[in-house]
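Single-structure report; data block below.
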Amino acid sequence: MGSERLDSRRFFKALLVSAAFLLAVLVTMPLVGTAKLDLGRAFAGQSPDFELLVNLRLPRVLLAMLSGGALALAGALFQGLLRDALATPYTLGVSSGASLGAVVAICFGFSGVGQMPAVWVGAFLGAGAVLVLVLAIAGRVRRMSTFTLLLAGVAMNSMCGALIQFLHSMAGLAQSFSISRWLMGGIDAVDYWTLAGVALLVLPCGAVAMWRWRDWNLMAGGEEWAAARGVSVGGAVLTGYIAGSVLTGAVTAVTGPIGFVGLIVPHALRLWMGADHRVLLPCSFLLGAAFLALCDAVARVVLAPAELPVGVVTAILGGPFFIWLLRSRSRNVRI
């Protein structure tokens with residue numbers, strides 16, 4: 001009982017610290033930018049401060065938080081499910097499908113649907129198509145396992161990557177620039193209906209992933225270990241793949257592929273709090289959201305008045321940080 005109380009205390013402490021940090025980022029990041037913002041005028045509804053805060057900066061920060069949280073949560077889920085420390089939200093092919101769909105929309109000049117740009121529509125369709133194809137390929141074997149799912153995802157990743165390169169090489173100059181820019185990943189201000197649509201996909205899938213934390217803890221020990229303790233391995237693999245893929249596809253379709261968030265945040269949290277998915281998954285979502293919002297703030301101001309794609313910032317910050325994590329872990333192991 002004492003151990004359980006200690007674990008619960010540790011869980012709530014980690015959750016509280018993560019939520020407090022996210023709240024601090026949410027309050028401060030809309031104030032960061034190249035244009036001066038007068039909060040008094042903004043709260044009084046006076047232009048242009050009100051529009052700058054409510055229509056530009058706040059939705060951009062919220063989109064960054066939804067995207068970062070979804071990618072970090074998907075990374076933590078896939079790393080536990082596949083038992084692969086290098087698994088990312090893009091390992092199983094859905095992001096490549098979204099990228100291919102976006103590139104097709106750019107190359108062939110498709111029209112959007114309502115207020116949705118053609119690139120978003122193409123990316124959604126591409127992500128959905130790869131999700132269905134990977135499930136169909138992996139489901140043809142006797143029992144769906146993480147191994148068959150991984151092989152199917154890697155195959156789709158390679159195929160989509162080759163098609164993207166082919167279309168990119170055949171595109172005109174303007175199209176080639178648009179493709180390169182989209183593939184770098186970026187956060188832009190969107191309307192609140194778009195935010196609501198992304199949230200309607202991200203939040204339920206995130207809740208399902210967190211609700212099944214016991215299954216992911218057991219799956220991390222191996223499929224035989226999990227099956228011997230009552231886990232329906234096929235059902236858990238299916239649920240984990242769909243949840244992680246929807247999390248990834250929903251945000252990638254709007255922002256483009258943004259790397260390192262789903263790799264760095266879960267690894268950093270494992271060093272801090274261990275591999276218990278009861279703590280790891282919600283904290284990954286909260287701190288992944290804060291991390292990407294901070295990176296987007298850097299992207300807005302570091303080369304002002306120009307902006308960097310946030311995917312470039314996450315790679316520049318994430319690469320050295322991940323190397324530092326690996327070196328710290330090596331020192332701890334030797335000790």
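The values are calculated or read from the model by the stated rules, or taken from the named source; none is laboratory data. It should be emphasised that the depicted structure is a prediction, and the values quoted were computed from it without experimental measurement. We place every Cβ from the backbone using ideal geometry, glycine too, and count neighbours over all the protein chains shown. Keep in mind that these areas ignore ligands, DNA and RNA; they rest on the heavy atoms of the full protein, side chains included. Shrake-Rupley method; radii C 1.70, N 1.55, O 1.52, S 1.80 Å.
Each residue in region 200-214 was checked for being surrounded by fewer than 17 Cβ atoms within 10 Å (Cβ to Cβ) and of a type outside the set (Val, Ile, Thr), and 6 pass.
Consider GLY197 carefully, then state whether it is at pLDDT below 85, of a type in the set (Gly, Ala, Ser) and closer than 26 Å to PHE78 by Cβ. No, not satisfied.
The combined condition, being at pLDDT 80 or above, within 13 Å of GLY68 (Cβ to Cβ) and open to solvent by 10 Å² or more (accessible area, probe 1.4 Å), is not fulfilled by LEU292. Of the set (1) at pLDDT 90 or above; (2) open to solvent by 10 Å² or more (accessible area, probe 1.4 Å), all apply to PRO309 but (1).
Just for region 15-37: of the residues that are open to solvent by less than 70 Å² (accessible area, probe 1.4 Å) and modelled with pLDDT under 85, which one is nearest to ALA297 (Cα to Cα)? Talk me through it step by step, then tell me what you get.
Looking only at region 15-37, we keep the residues that are open to solvent by less than 70 Å² (accessible area, probe 1.4 Å), and these are 15, 18-20, 22, 24-26, 28-30, 32-33, 35, 37.
Next cut, modelled with pLDDT under 85 only: 33, 35, 37.
Numbers: GLY33: 7, ALA35: 13, LEU37: 15 Å.
So, considering only residues that are open to solvent by less than 70 Å² (accessible area, probe 1.4 Å) and modelled with pLDDT under 85, the one nearest to ALA297 (Cα to Cα) is GLY33.
Taking the criterion of being more than 22 Å from VAL190 (Cβ to Cβ), buried (at least 21 other Cβ atoms within 10 Å of the Cβ) and not small (Gly, Ala, Ser), the only residue of region 240-259 that qualifies is TYR241.
When region 262-320 is examined, which residues are found to be within 22 Å of ARG83 (Cα to Cα), in a loop (DSSP other than H, G, I, E, B) and without any contact (Cβ under 8 Å) to a residue 40 or more places away in the chain? GLY274 - this is the single residue of region 262-320 that is within 22 Å of ARG83 (Cα to Cα), in a loop (DSSP other than H, G, I, E, B) and without any contact (Cβ under 8 Å) to a residue 40 or more places away in the chain.
The lone criterion from (1) modelled with pLDDT of 85 or more; (2) open to solvent by 20 Å² or more (accessible area, probe 1.4 Å) left unmet by ARG229 is number (1). Applying a threshold of 7 Å to beta carbon distances and a minimum spacing of six or more residues, or different chains, the list of pairs starting in region 92-104 at a residue that is modelled with pLDDT of 90 or more and assigned to a helix (DSSP H, G or I) and ending at one that is among the charged types (D, E, K, R) and open to solvent by 10 Å² or more (accessible area, probe 1.4 Å) is empty. VAL237 fulfils the conditions (1) modelled with pLDDT under 90; (2) surrounded by fewer than 20 Cβ atoms within 10 Å (Cβ to Cβ) except for a single criterion, (2).
Conditions tested, residue by residue: (1) of a type in the set (Gly, Ala, Ser); (2) free of Cβ contacts under 8 Å to residues at least 60 places away in the same chain; (3) in contact with a helix residue (DSSP H, G or I) (Cβ under 6 Å, 6 or more places away or on another chain).
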| site | (1), (2), (3) |
| --- | --- |
| ARG9 | no, yes, no |
| ALA14 | yes, no, yes |
| GLY45 | yes, yes, no |
| LEU62 | no, no, yes |
| LEU71 | no, no, yes |
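Among residues of region 217-235 that are more than 11 Å from ARG83 (Cβ to Cβ), those with a beta-carbon under 7 Å from a residue that is assigned to a loop (DSSP other than H, G, I, E, B) and of a type in the set (D, E, K, R) at least six positions away or on a different chain give the pairs ASN217/ASP276; LEU218/ARG229; GLY234/ARG143.
To keep it simple, each residue is scored yes or no on (1) farther than 21 Å from SER18 by Cα; (2) open to solvent by less than 10 Å² (accessible area, probe 1.4 Å); (3) in a helix (DSSP H, G or I).
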{"residue": "ARG57", "(1), (2), (3)": "yes, no, yes"}
{"residue": "ARG60", "(1), (2), (3)": "no, no, yes"}
{"residue": "SER67", "(1), (2), (3)": "no, yes, yes"}
{"residue": "ALA72", "(1), (2), (3)": "no, yes, yes"}
{"residue": "LEU86", "(1), (2), (3)": "yes, no, no"}
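For LEU218, the conditions (1) over 24 Å from LEU58 (Cβ atoms); (2) under 21 Å from the mean Cα position of the chain (by Cα) are fulfilled apart from (2). Counting only residues that are surrounded by 13 or more Cβ atoms within 10 Å (Cβ to Cβ), among the charged types (D, E, K, R) and not in a helix (DSSP H, G or I), region 143-199 holds 1 of them.
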